[in-house]
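The values are calculated or read from the model by the stated rules, or taken from the named source; none is laboratory data. This is a predicted model, so every value here is computed, not measured. A quick note on method: Cβ atoms are made from the backbone with ideal geometry, for glycine too, and the neighbour counts reach across all protein chains shown. Calculation scope for accessible area: heavy atoms of the full protein, side chains included, ligands and nucleic acids excluded. Shrake-Rupley method; radii C 1.70, N 1.55, O 1.52, S 1.80 Å.
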Amino acid sequence: MLQVINPATGILIRQYPKMSELSALNILERVAESHDEWRETDFPYRAERMRAAAGVLRGRAGEFAQLMTLEMGKPIAEARSEVEKCAISCEYYADHAERMLAPETANTEAARSYWTYRPLGIVLAVMPWNFPFWQVFRFATPNLMAGNAGVLKHASNVPGCALAIEEIFREANFPHDLFRTLLVDNSQVSGIIGDERVRAITVTGSVAAGKAIAEKAGALAKKTVLELGGSDPCLVLADADLGIATETCAKSRLINSGQSCIAAKRFVVVDAVHDAFVERFVERMNRAKMGDPMRDDTEVGPLARTDLRDALHDQVRRTVEAGARCVLGGEIPERDGAWYPPTVLVDVSPGMPAYGEELFGPVAAVIRVRDEEAAIKVANDTSFGLGAAIFTRDNERGERIARDRLEAGSCFVNALVKSDPRLPFGGIKESGYGRELSDLGIREFVNAKTVWVR
Ligand code: NAP
């Protein structure tokens, strides 16, 4: 059984029977049949359905937002924005996929030579619970527009979201089985990857999950895109506008109750402004309203599961034991559910869990450094490379550091790191490889086919 436990209360809400391997393979057969039909359609036809999907999302936004909040605890206002972002993505790829995948001509001795982007087939998406709609639409909208089919293995704690997404594509008149959800657990993924109808796999999740899936896929020569964990640095330089820096850093750390891959996790602050930054930052983190995620004015909800909350608390405890100071939070509240308060650790240094590991919750690790050079060195001193942000009043200086020095897939200057359908998204190092979104993302799972006519 897949169990849904409301993380705000700890109460079991619903159980879903797991699918057997045989049922999963039967579904793959039906997806393959729908794909045979879909791959022959043209872009305007696909775009019409994708715009209809945006309409379904908007029409049922309140219901979908509630479902997300119930299953994984994100604040309801953020859940509503997430639904809207999915709708925007549907429209963006409806409008642009044809241009992004237009054939490209080469001047050769042939009468005609060019390459064209053809669909690959069924793409398996192994997805996490933290943005239960957006992570899925981020893969599905470009891929369905490219003519692929989608099979979703969602995180085990959000089966309701997984089934709702399947329903959205049906309601928008996509072929009946073009996008299907498999209610399976992680031990069943390997068998699905092994099915010859699955042509490629996209994974968003932890480094361990990404590596295990890529190993299996690699042995079968199937392409993967990996969007894995991160420990994004946020550099605060001596000339930073501390008002902008503290507000953006706190937002970045608290978004989705701290459970975002591209949340700022390490705050690398130069000596000259360290104390002033910490004072303002702690005040702002302390002001964040933690409470019922169904309320509109809640900024921080519960974490998604109590086991994840306990693992986070253990990282905090070990960091403090290693010599860091906890200046805000750091205690598990006495109430049912997966609660953890906004927490700030200072004097974090190499070797401590909060320096080297990903902290997936509202816990900020502040690292004091001498100057800009030291800040860049610390920022890059990580096995991850997903996002990074830098705060300085000198935009040119910030841009230079962002472009030339920081080892990350997305670097933002004086702004919150975020994903956007118009821009490539992905990481380097253990944060993964490949890109989602934009012209680059839509071309990950296509056959760039060369055609030569004498
Ligand atoms: P997770 O435990 O890795 O789970 C993600 C998905 O992978 C789930 O569907 C999970 O299924 C499945 N899975 C786990 N282990 C597997 C295995 N050995 N074989 C096959 N499938 C496996 O990660 P999470 O706790 O849900 O999500 C948090 C992590 O995701 C963080 O590290 C975060 O940074 C990362 N993330 C990255 C991005 C990005 O874009 N780079 C975005 C969001 C999140 P079960 O639920 O059944 O275990």
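In region 327-442, one over the average inverse separation of all distinct C-alpha pairs is 16.1 Å, which is the Kirkwood hydrodynamic radius. Residues in region 141-238 average 28 Å² of solvent-accessible surface per residue, probe 1.4 Å, ligands and nucleic acids excluded. Can you return the lysines within cross-link range of Lys211? Criterion is Cα-Cα under 18 Å, with same-chain partners fewer than 8 residues away left out. The reachable lysines, counting only those whose Cα sits under 18 Å from Lys211, are Lys153, Lys222, Lys223, Lys429. Candidate cross-link partners of Lys251 among the lysines, defined by an alpha-carbon separation under 20 Å and a same-chain spacing of 8 or more, comprise Lys74, Lys85, Lys265, Lys289, Lys418. Net charge dipole, region 313-454: roughly 560 debye, given to the nearest 20, about the Cα centre with Cβ charges of +1 for Lys and Arg and -1 for Asp and Glu. Close amide H pairs (under 5 Å, H built 1.01 Å from N) link Ile122 with Ala149, Arg199, residues at least 5 positions away or on another chain.
Against the chain, whose longest principal axis is taken from its Cα atoms, helix 61-72 shows a tilt of about 60°.
Loop-only check: which GluC sites (Glu not before Pro) in region 135-237 are DSSP coil with at most 13 other Cβ within 10 angstrom? Passing sites in region 135-237 are Glu196. Go through region 295-331 and name the trypsin sites (Lys or Arg not before Pro) that are in a DSSP coil and have 15 or fewer other Cβ atoms within 10 Å of their Cβ. Here the sparse-neighbourhood loop sites are Arg295. About the centre of its Cα atoms, the chain shows a dipole size close to 560 debye [charges on the beta carbon of Lys, Arg (+1) and Asp, Glu (-1) only; nearest 20 debye].
Over the chain, Cα pairs under 8 Å with separation of 6+ residues give a relative contact order of 19 percent. Using the Cα coordinates of region 36-83, the gyration tensor eigenvalues translate into equivalent-ellipsoid semi-axes of 30, 11, 7 Å, sorted from longest to shortest. At q = 0.11, 0.14, 0.25 Å⁻¹, what log₁₀ I(q)/I(0) does region 59-144 have when each alpha carbon counts as one equal point scatterer in the Debye sum? Log-scaled intensity ratios, in q order: -0.45, -0.62, -1.18. Beta bridges assigned by DSSP with both partners in the chain are antiparallel in approximately 35 percent of cases.
If I take all pairs of Cα atoms in region 117-209, what percentage of them are more than 22 Å from each other? In whole percent, the share of Cα-Cα pairs in region 117-209 beyond 22 Å is 20. Counted by Cβ distance under 13 Å from Trp115, the other residues give a net charge of +3, where Lys and Arg count +1 and Asp and Glu count -1.
Solvent-accessible surface of region 288-370, averaged per residue with a 1.4 angstrom probe and all protein chains in place: 43 square angstrom.
In region 141-290, the alpha-carbon atoms span a convex hull of 169 Å³ per residue. Direction-averaged projected area, Cα convex hull, region 11-62: 6.0 nm², rounded to one decimal.
Per-residue ellipticity at 222 nm from helix content only, as computed over the chain with -39500 (n - 2.57) for each DSSP H run of at least four residues, stands at -13000 deg cm²/dmol. Positive-end ranking of Pro421, Asn447, Ala364 along the dipole of region 337-454, with charges on Cβ about the Cα centre, is headed by Asn447. Start at zero, step by 5 Å, and the Cα-Cα distances of region 103-153 spread as 5, 18, 20, 14, 10, 10, 8, 7, 5, 2, 1 percent across the bins. The figure for Phe169 is an accessible area of roughly 0 square angstrom, using a 1.4 Å probe on the protein chains alone.
Computed about the Cα centre, the dipole magnitude for region 396-454 is approximately 240 debye when only Lys and Arg (+1) and Asp and Glu (-1) carry charge, each at its Cβ.
Using all pairs of distinct alpha-carbon atoms, the Kirkwood hydrodynamic radius of region 1-121 works out to 18.2 angstrom.
Calculation over all alpha carbon pairs of region 131-185 in 5 angstrom steps from 0 returns a P(r) of 4, 21, 34, 26, 11, 3 percent. Within the accessible area of the chain, the carbon and sulfur atoms contribute 50%, probe 1.4 Å, all protein chains present. Computed over the chain, the quotient of the alpha carbon radius of gyration and 2.2 N^0.38 Å is 1.00. In region 232-360, inverting the average of 1/r over every pair of distinct C-alpha atoms gives 15.0 Å as the Kirkwood radius. Applying a DSSP loop filter and a limit of 16 other Cβ atoms within 10 Å to the trypsin sites (Lys or Arg not before Pro) in region 331-388 leaves Arg335, Arg370.
For the residues Cys326, Cys261, a 1.4 Å probe over the protein chains yields an accessible-area ranking, largest first, of Cys326, Cys261.
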